[in-house]
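The numbers here are math on the coordinates, done by the rules we state, and not lab data. The structure presented is a predicted model; accordingly, all values stated were derived computationally and were not measured. A quick note on method: Cβ atoms are made from the backbone with ideal geometry, for glycine too, and the neighbour counts reach across all protein chains shown.
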Amino acid sequence: AELDLLVDFVLQVANDAAALALAERLAPFLWARGSWTRLREVLAVAGRAATRTGDRRALAWADLINGILRLVRGEVAESAEHFARSLSRYERLGDAHGLACVLSDQAVLYGYQEYAERAIDAAERAREHFAAADDPLGAVIAAPALSAALRGLGRFPAALEVDRRAVAEARMLGAADIVLGRCLNSLTVSELLSGAPAQAHEAATEAVRLL
């Protein structure tokens, strides 16, 4: 109820800067709750406010979140359009971290489209930009998409190496359970495809506890 009240406030606030600041803070909570309709309302307000103020970074962010939202709803073409606009805006801004975030999600999109080579390229570029932005956790988050793309090309040893490194780094960085759990899920698949059912079972058991 309190979250809904905050969303209603954002929808009505007249100050564009305040609306943008509130939208960026509310988006993760709405995402975590699966409140897609409310999130789209907030993003629409943020997009209009960013357009009026000429805030290019906010426009890039809104396109990124809209792209992710479209992707989870299965709206692949619309997701691709949002990601492309976001990527272009972050490139013009020279924002390495923003670029890494878009590329990481583009890798997932390409995986859904079964464009394995494009997915690998996007995921590897994401890892490079996360490193440039001094965000090792971001690189860990991007790892499952890279592993999935490698498996799609039958490159199981390479996928297994990516997953093992991601799990180790997630542990070292003290990553959130959901991050470590997703890395373990990916590791489970790679272990299975590499002919290691015992290791796959171990990884899957831990992932279940975390997710």
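Taken over region 85-107, the criterion of being in a helix (DSSP H, G or I) and either of a type in the set (Asp, Glu) or crowded, with 23+ Cβ neighbours inside 10 Å (or both) is satisfied by Ser86, Tyr90, Glu91, Leu99, Ala100, Cys101, Val102, Leu103, Ser104, Asp105, Gln106, Ala107.
Residues are listed down the side, and each one gets a yes or a no for (1) surrounded by 15 or more Cβ atoms within 10 Å (Cβ to Cβ); (2) closer than 21 Å to Ala107 by Cα:
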| residue | (1), (2) |
| --- | --- |
| Leu146 | yes, yes |
| Arg151 | yes, yes |
| Glu161 | no, yes |
| Ala166 | yes, yes |
| Arg171 | no, no |
| Leu187 | yes, yes |
| Leu192 | yes, no |
